[in-house]
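Worksheet: one structure, shown below.
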Amino acid sequence: ELGKCLRAGQSKKSGACGAVLAAYDSCCKGNEHEFDMKDMQQWWLKEQVQRAMPKIQNAAIPTLELIQVAYESVREKLLTIVNNDFGNGHLVLIGGIQLNMPAPYSDHFCPLFFQLREKSGTHHDLLSRIHEVQVGDESLSLV
């Protein structure tokens, strides 16, 4: 179930990415614009979710859409603050969604963004170039 995970030592499933689920819950209850100086990140997240509420609520799988909205919002914000004004100006960014899995499975990271940015402003998409990864003596296909 998206957004829920049965963790070791717990008797029932709990929320994965509590901040995103709390923002959505707040928006569903009409509390989306409550500003809290002590938690400005949560307020910002609620603002992003609120803007996308119609899209989220009309989606075939609202939780999946919520996760995508949260990821895209953070990615867009990150790209507005990136600074390449250091050293040779090369910066590698990677972003994606962490998948919390129940035992006995390991958690997974789903990469959605992998980019090399240069001081000149040039961007190189590295995600589309990844086809396989060498792990020890094994080659694993990512396609």
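The values are calculated or read from the model by the stated rules, or taken from the named source; none is laboratory data. Computed from a predicted structure; not experimentally measured. For neighbour counting, all protein chains shown are included, and Cβ atoms are generated from backbone atoms with ideal geometry for every residue, glycine included. The protein model used for the area step is the full one, side chains on, heavy atoms only, and it has no ligands, DNA or RNA in it. Shrake-Rupley method; radii C 1.70, N 1.55, O 1.52, S 1.80 Å.
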### Message
So, in segment 110-122, exactly how many residues are exposed (fewer than 13 other Cβ atoms within 10 Å of the Cβ) and not in a loop (DSSP other than H, G, I, E, B)?
### Response
1
### Task
Tell me, yes or no, whether segment 91-107 has at least one residue that is touching a Cys at 6+ places or on another chain (Cβ under 6 Å) and of a type in the set (S, T, N, Q).
yes
### Message
Looking for something open to solvent by 90 Å² or more (accessible area, probe 1.4 Å), farther than 21 Å from Pro102 by Cα, outside the structural domain of Gly96 (by the TED database) and not in a loop (DSSP other than H, G, I, E, B) - is there at least one such residue anywhere in segment 56-73?
### Response
yes
### Query
Limited to segment 11-40, what total is found for residues that are open to solvent by 70 Å² or more (accessible area, probe 1.4 Å) and of a type in the set (A, V, I, L, M)?
2
### Task
Being open to solvent by 70 Å² or more (accessible area, probe 1.4 Å), over 23 Å from Ala52 (Cβ atoms) and not in a loop (DSSP other than H, G, I, E, B) is the filter here, so list the residues in segment 74-109 that pass it.
Val92, Ile94, His108, Phe109
### Task
List the number of the failed condition for Ala52; all other conditions in (1) closer than 30 Å to Ile130 by Cα; (2) open to solvent by less than 40 Å² (accessible area, probe 1.4 Å); (3) not assigned by the TED database to the domain that holds Lys119 hold.
(1)
